[in-house]
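Read through the structure below, which is laid out as structure tokens, and then see the notes.
The values are calculated or read from the model by the stated rules, or taken from the named source; none is laboratory data. Given the structure is predicted, the values throughout are model-derived calculations rather than measurements. No Cβ is skipped: glycine too gets one built from the backbone with ideal geometry, and neighbour counts run over all protein chains shown. Just so you know, the surface numbers come from the protein's heavy atoms only, side chains and all, with ligands and any DNA or RNA stripped out. Shrake-Rupley method; radii C 1.70, N 1.55, O 1.52, S 1.80 Å.
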Amino acid sequence: MASYWGYLGAGRPEGGWEERPAPAMSRSIVRQSKFRHVFGQTVKAEQGYDDIRVSRVTWDSSFCAVNPKFLAVIVESSGGGAFLVLPLSKSGRVGKDYPLVVGHAGPVLDIDWCPHDDNILASGSEDCTAMVWQIPDHSLTRPLSDPVVILEGHSKRVGIVTWHPTARNILLTAGSDNLVIVWNVGTGEPLVSMDDHPDLIYSISWNRNGSLFCTTCKDRRLRVCDPRKREVVAERLAPHDGIRPMRAIFTRDGNIFTTGFTRMSQRELGLWDPTNFEEPIALLELDTSNGVLLPYYDADANMVYLCGKGDSSVRYFEITEEPPYVHYLNTFSTKEPQRGMGFMPKRGVDVSKCEIARLFKLLDKKCEPITMTVPRKSDLFQDDLYPDTAGPEPAMEPEEWMDGRDEDPILMSMKEGYVPPKSRELKVAKKNMLDSRPTTRRSLSTLDTNSLPPQLLDRLLEEIQNLKATVLSQEKRICDLENKLSQYTNGTV
């Protein structure tokens, strides 16, 4: 049997050393995983985005959204809410006069890119509305103030916007009125409205096929909701014992990954089976800090990246079917604390460099991309790292989803990389709420008035003139009121 020498301590008659049998070495001490050695790296300074005035609004959102074409960041703005949209290629310093997206009357709280069109972005704001924007392929040359759709249905601020993962033009919004609304963006109409939450909703996450979503709420409950049945199908009281905000996301296997706090204010993560909420699959304490942990999930690798607001590090974990089910991999740290984070969809990573994730870290005045890479010696495409991933094509139409159909995302191969298509116009039916103007309005010169009786024609023309005069007088009154308001706010009155 193999042996080694062990120290017995000073002053022993045997001379302080003895021969001991070597312990049996288990082959399973080191867990086998292709993601064990994933490492993070900040890109070069010139590949970052500088001089960005990141919003200081007190809301626990990521303030950042990214896709293979654009980077969007919620920024400070006077006179309403605004966010910045940059083509990914436009790195370096951002000029102070760079055009913003400025349609909201109050601070913007959340933004989300459409998974089926890289030029479509949704935003929610303190002005109680959500808006959907079409971003042109080129850089903005002037401020963008006209959304494609304005969604008005909340009575308080809209703090969460999130797109359906597989159905075209389906958007979910949640507001401080504790209301969840599912919209058909193609018509601007609400499809589903749920008022099952008695308090503020902290987070919402769709499952993989969009048949369910899970929510965390200020009442300390984790809920699983079926929007088409308009009911809560499962719930768990206090998955984390602390009273601070929780976050929850669905995994690809249908389980729910949560972050929260213990009674002693230690940050904690958990993994739950929504069909059996009695006991967690895994529960792990992390550290003591006030920052809410925002989870970002990679369904292809089954990995979770945890980014705490105010932290200077990103922890990442792998979820498996073997105990302890949630495996800590590593921590990537920098010197400066983060204000928010953006997470690139898998189709936007660089497969030639074995990059499996890319995060965009928001600092006070800049955005730093962070690449997560698996070290490999070969330059060939790594099939085991890049299974087919969710592509940009929707799996079904809104009507099919409302009729009860469920479809997983349509997958695409990463072998040749991903080239974003050119912008496609979002077509919106005119019956929507954003545009109440008649679709058949024509000028008087194009109307055939010869067939009308003279008296009726005179009466109609008179009514038109009266309406025009009323509109003009109201516009003048609006201008006068705006001028007075401006004088009051500037202190000149």
Fill in the blank from the handout: residue 123 vs (1) free of Cβ contacts under 8 Å to residues at least 60 places away in the same chain; (2) buried (at least 19 other Cβ atoms within 10 Å of the Cβ); (3) over 29 Å from residue 411 (Cβ atoms): all pass except (3)
Practice task
Give the residue that is surrounded by the fewest Cβ atoms within 10 Å (Cβ to Cβ), with candidates limited to residues of the range 347-380 that are farther than 24 Å from residue 92 by Cα and among the basic types (Lys, Arg).
Solution key: 377
Exercise for the section: Inspect the range 307-329 for any residue being among the aromatic types (Phe, Trp, Tyr), free of Cβ contacts under 8 Å to residues at least 60 places away in the same chain and surrounded by fewer than 18 Cβ atoms within 10 Å (Cβ to Cβ) and give the result as yes or no. Expected result: yes
Handout entry: the range 75-127, residues that are polar (S, T, N, Q) and in contact with a strand residue (DSSP E or B) (Cβ under 9 Å, 6 or more places away or on another chain)
Key = 77, 91, 119, 123, 125
Completion exercise
If we ask which residues in the range 404-424 are loosely packed, with under 10 Cβ neighbours inside 10 Å and either farther than 30 Å from residue 352 by Cβ or at pLDDT below 80 (or both), their number turns out to be 2
Practice task
For residue 212, state whether it is over 17 Å from residue 65 (Cβ atoms) and open to solvent by 10 Å² or more (accessible area, probe 1.4 Å).
Solution key: yes
Problem - Residue pairs meeting the criteria (Cβ under 7 Å; at least 6 apart or on separate chains; first more than 18 Å from residue 344 (Cβ to Cβ) and among the charged types (D, E, K, R), in the range 89-116; second part of a strand (DSSP E or B) and open to solvent by 30 Å² or more (accessible area, probe 1.4 Å)) - result: 93/50
Handout entry: Conditions (1) among the charged types (D, E, K, R); (2) modelled with pLDDT of 95 or more; (3) more than 29 Å from residue 314 (Cα to Cα): number failed by residue 110
Key = (3)
Fill in the blank from the handout: Result of the Cβ filter at 9 Å on the range 379-400, keeping first residues that are free of Cβ contacts under 8 Å to residues at least 40 places away in the same chain and partners that are of a type in the set (Val, Ile, Thr) and open to solvent by less than 20 Å² (accessible area, probe 1.4 Å), at least 6 apart or interchain, is 382/374
Handout entry: Cβ-Cβ under 7 Å pairs, at least 6 apart or on other chains, the range 267-280 side open to solvent by 10 Å² or more (accessible area, probe 1.4 Å), far side assigned to a loop (DSSP other than H, G, I, E, B) and modelled with pLDDT under 95
Key = none
Practice task
Would you check which residues across the range 367-392 are in a loop (DSSP other than H, G, I, E, B) and touching a Pro at 6+ places or on another chain (Cβ under 9 Å) and list them?
Solution key: 391, 392
Exercise for the section: Could you tell me whether residue 234 is in contact with a Pro (Cβ under 9 Å, 6 or more places away or on another chain), of a type in the set (Gly, Ala, Ser), surrounded by 15 or more Cβ atoms within 10 Å (Cβ to Cβ) and closer than 26 Å to residue 408 by Cα? Expected result: yes
Handout entry: Residues of the range 370-419 satisfying the condition of being in contact with a strand residue (DSSP E or B) (Cβ under 7 Å, 6 or more places away or on another chain) and of a type in the set (Lys, Arg)
Key = 405
Fill in the blank from the handout: Across (1) at pLDDT below 90; (2) within 30 Å of residue 247 (Cβ to Cβ); (3) of a type in the set (D, E, K, R), residue 53 clears everything bar (1)
Fill in the blank from the handout: residue 228: passes all of (1) out of contact with any Gly (no Cβ under 8 Å at 6 or more places or on another chain); (2) open to solvent by 10 Å² or more (accessible area, probe 1.4 Å); (3) not small (Gly, Ala, Ser) but (1)
